[in-house]
Amino acid sequence: MKMYIIIKDTIPDKLVPVISAHASLACYKRFENNEDMIKWINGIFKKVVCVVDEISFDSFKNEADSVLLTESSLDNKEVCLAFCPREEYPKKFKYLKMWTPQNN
């Protein structure tokens, strides 16, 4: 089981770690009574932080069991989606690119 955290590719690298931390906590709070979340939090709670462009981000907003985060330091723009952990995700999750700092 894992939690996917999807970040827009326009977000500055210096903000991604904090946004990801907020996303995992917000997701936990939103779904803390979900059976999969309970199983995940009591096991090895894996997280995957991925990066997508604006168009892909908008398409992921239609997926079930997610929480959308905004960032006040970026004029409250949408920055991240975090998905409640589950055993199986739709196939498109498999092709996401993992986030890595770009050394800006």
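The values are calculated or read from the model by the stated rules, or taken from the named source; none is laboratory data. Remember, it's a predicted structure, so these values are computed and weren't measured experimentally. With ideal geometry, Cβ positions are generated from the backbone for all residues, glycine too; neighbour counts draw on all protein chains shown.
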* Of S72, S56, which residue is among the hydroxyl-bearing types (S, T, Y) and modelled with pLDDT under 95? -> S72
* Structure fact -> Residue count, region 76-89, condition over 20 Å from Y28 (Cα atoms) and surrounded by 10 or more Cβ atoms within 10 Å (Cβ to Cβ), comes to 1
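Regarding region 67-75, can at least one residue be identified that is among the small types (G, A, S) and crowded, with 17+ Cβ neighbours inside 10 Å? Outline the logic, then answer.
Going through region 67-75, the residues among the small types (G, A, S) turn out to be 72-73.
Among the residues that remain, those that are also crowded, with 17+ Cβ neighbours inside 10 Å are: none.
Checked against the condition, which is being among the small types (G, A, S) and crowded, with 17+ Cβ neighbours inside 10 Å, region 67-75 yields no hits at all.
Please specify each residue of region 76-92 satisfying the condition of being over 20 Å from D13 (Cα atoms) and either in a strand (DSSP E or B) or more than 15 Å from the chain's Cα centre (by Cα) (or both). Break it down stepwise before answering.
So the first thing to find is which residues in region 76-92 are over 20 Å from D13 (Cα atoms), and the list is 83-92.
F83, R86, E87, E88, K91 - these are the residues of region 76-92 that are over 20 Å from D13 (Cα atoms) and either in a strand (DSSP E or B) or more than 15 Å from the chain's Cα centre (by Cα) (or both).
Condition check ((1) surrounded by fewer than 12 Cβ atoms within 10 Å (Cβ to Cβ); (2) in contact with a Phe, Trp or Tyr (Cβ under 6 Å, 6 or more places away or on another chain); (3) in contact (Cβ under 8 Å) with a residue 60 or more places away in the chain) across all residues:
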| site | (1), (2), (3) |
| --- | --- |
| L15 | no, no, yes |
| E32 | yes, no, no |
| V48 | no, yes, no |
| V52 | no, no, no |
| I55 | yes, no, no |
| E63 | no, no, no |
| K94 | yes, no, no |
